Amino acid sequence: MQKATRAIGVCCVLALTISNLAVTAMAAPATERYLHVKVDDGSKGESVNVNLPLSMAAAILPTVNKGTLHNGHVTIGATDFNGVDVRAILEAVRTAPDNEFVSVKEKDQDVRVAKSNGNLIVHVLDKSKDGEKVDVIIPMKVVDALFSTAKENELDVAAAVRALSDAGDAVLVTVQDATEHVRIWIDSHSSAE
Amino acid sequence: MVLLGKVALGIAGTALAGLGLICSEGMIEVNVVEKQPEAHHVYVLAPAMLVPITMHFIPNRKLGRAASEIKPWMPTIRAALEQLRASEDVTLVEVREPGQHVLVAKSGGSVVVDVTDNDDIVHISTPIRAIESTVEQIAAASSDTRD
């Protein structure tokens, strides 16, 4: 009898502990993610910092119905893709192993498109314009989300933002020329510093 | 004498409760300092609840244009303010130029705008709840503005 009582007591304590843990886990707020944009113009001594909570962007986008943006989707004209089946290309890129897909070296410009560690990487070096260098690194999950809409002529920006929220800390875009430096990245810090 | 004391206590309690109610939505703070030789300094600290109350006294026809322009954007404004209220303190926008600094931030339950340039220093802090109720009132005015 004493053993049974003790066993019931242990079970009760365990159940309480587990339920407490579950409640704590449910109540703990998910870490907020931020999209940061930083523009520095060294020649003019100007700088612009924008820090946007991704949850805010995800909540706002579906409410905007203006121009080509409707319910978080951007409508693209048929001419924007010049007849190229972007979905088919992305599907091919997604299933392909990590590789360099495009590498163009010209007198004034270098272009490189590659897939590496689940990211789509675009690198452009313009040697003619103050050595402007552009690096774009987009997680493939975000690209997938962008094209996840059923309609051929739409991009699902809201889904892409949600996918960005789930992605790890990452520098998405850097543009560097002789005077200007632009950086777009996501992390869990509310400030750009 | 005891009765007088009770009455005084009642009045003081009512005044205190009224003050608490008026300040419940926070305070709007405006601070403007001119950097001129004859420097002017304007400082206003007012209960945020006064803004929506004041809005009731503005005739709807005066708000007609603002109301019709703001109404299509109400779902967006509501979503933005709701998320802003829920988010932690954050500097939303910061612009630095030679001689000028602009900062828009969420601090506590308020939206704070700080502008510093060669001529002035401006600081405005407005509770998000006051912004919400004021914007809702402006939008609501649109249905009654056909006079």
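The values are calculated or read from the model by the stated rules, or taken from the named source; none is laboratory data. Since the structure is predicted, the reported quantities are computational estimates derived from the model, not experimental observations. Because the Cβ atoms are built from the backbone with ideal geometry, glycine has one as well, and the counts that use them run over all protein chains shown.
Data overview
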item	result
Residue among B:L84, B:L103 that alone is closer than 17 Å to B:E25 by Cβ, within 14 Å of chain A (Cβ to nearest Cβ) and in contact with a strand residue (DSSP E or B) (Cβ under 6 Å, 6 or more places away or on another chain)	B:L84
Residue match in the stretch B:131-139 (condition: part of a strand (DSSP E or B), buried (at least 17 other Cβ atoms within 10 Å of the Cβ) and not β-branched (V, I, T))	no
Sole exception among (1) closer than 30 Å to B:Q36 by Cβ; (2) free of Cβ contacts under 8 Å to residues at least 60 places away in the same chain; (3) not acidic (D, E) for B:I121, by number	(2)
Any hit, the stretch B:55-74, residues being part of a helix (DSSP H, G or I) and under 29 Å from A:V39 (Cα atoms)	yes
Qualifying residue in the stretch B:93-114 (condition: surrounded by fewer than 15 Cβ atoms within 10 Å (Cβ to Cβ), within 21 Å of the chain's Cα centre (by Cα) and among the acidic types (D, E))	no
Conditions (1) surrounded by 13 or more Cβ atoms within 10 Å (Cβ to Cβ); (2) closer than 29 Å to B:A141 by Cβ; (3) under 19 Å from the mean Cα position of the chain (by Cα); (4) not β-branched (V, I, T); number of the one not met by B:N60	(3)
Which numbered condition A:S43 fails, given (1) assigned to a loop (DSSP other than H, G, I, E, B); (2) within 10 Å of chain B (Cβ to nearest Cβ)	(2)
Some residue of the stretch A:149-157 being at pLDDT below 90, assigned to a strand (DSSP E or B), among the aliphatic types (A, V, I, L, M) and surrounded by 15 or more Cβ atoms within 10 Å (Cβ to Cβ)	yes
Hey, A:E180 more than 21 Å from A:F101 (Cα to Cα), surrounded by fewer than 16 Cβ atoms within 10 Å (Cβ to Cβ) and more than 11 Å from the chain's Cα centre (by Cα) or not	no
Residue identified as among the small types (G, A, S) and either at pLDDT 90 or above or in contact with a helix residue (DSSP H, G or I) (Cβ under 6 Å, 6 or more places away or on another chain) (or both) among A:G77, A:G45	A:G45
Any chance A:V102 is part of a strand (DSSP E or B), exposed (fewer than 11 other Cβ atoms within 10 Å of the Cβ), modelled with pLDDT of 70 or more and away from chain B (no Cβ under 11 Å)	yes
Complete set of residues in the stretch A:50-72 that are at the interface with chain B (Cβ under 7 Å from one of its Cβ atoms) and either aromatic (F, W, Y) or in a loop (DSSP other than H, G, I, E, B) (or both)	A:V64
Of the criteria (1) within 14 Å of another protein chain (Cβ to nearest Cβ); (2) part of a loop (DSSP other than H, G, I, E, B), which one B:E38 fails	(1)
Test for B:V51: is it within 23 Å of A:S191 (Cα to Cα) and crowded, with 16+ Cβ neighbours inside 10 Å	no
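For every residue, the table says whether it meets (1) closer than 30 Å to A:D41 by Cα; (2) in contact (Cβ under 8 Å) with a residue 12 or more places away in the chain.
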| residue | (1), (2) |
| --- | --- |
| B:P59 | no, no |
| B:I77 | no, yes |
| B:Q100 | yes, yes |
| B:A139 | no, yes |
